[in-house]
Amino acid sequence: MAYKITDECIKCGACEGGCPVSAISEGDAKFEIDAATCIECGACADGCPMGAIVKD
């Protein structure tokens, strides 16, 4: 998986709405990226206001 969501996530949902393949879902403490669905486009990282999505 090329991207991961760090603990800086504030669960705002911006990444989930920006993902073109719906690879992001809300977890208990933060949003999570499904590696099997992710196409590594970077749209989630671009849309995160906290900078909580980084290349792994």
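Quick notes on this one:
- Anchor LYS55: lysines whose Cα lies under 17 Å away (excluding residues fewer than 8 positions away in-chain): LYS4, LYS30
- Looking at the chain, the accessible area is 61 square angstrom per residue; that uses a 1.4 Å probe and ignores ligands, DNA and RNA.
- The modelled label-to-label distance between ALA2 and VAL54, using points 7 Å beyond Cα along the C-beta direction, is 1.8 nm.
- Counting only protein heavy atoms and a probe of 1.4 Å, the accessible surface of the chain is 45% carbon and sulfur.
- For LYS11, residues with placed amide H under 5 Å, excluding near neighbours: PHE31
- Cysteines not pairable in the chain (beta carbon separation under 4.7 Å absent): CYS9, CYS12, CYS19, CYS38, CYS41, CYS48
The values are calculated or read from the model by the stated rules, or taken from the named source; none is laboratory data. The shown structure was predicted, so the numbers you read here are calculated from the model rather than taken from an experiment. Cβ sites come from the backbone with ideal geometry, for glycine too, and all protein chains shown count toward neighbours. Note: accessible area is taken over every heavy atom of the protein model, side chains too, but ligands, DNA and RNA are not part of it. Shrake-Rupley method; radii C 1.70, N 1.55, O 1.52, S 1.80 Å.
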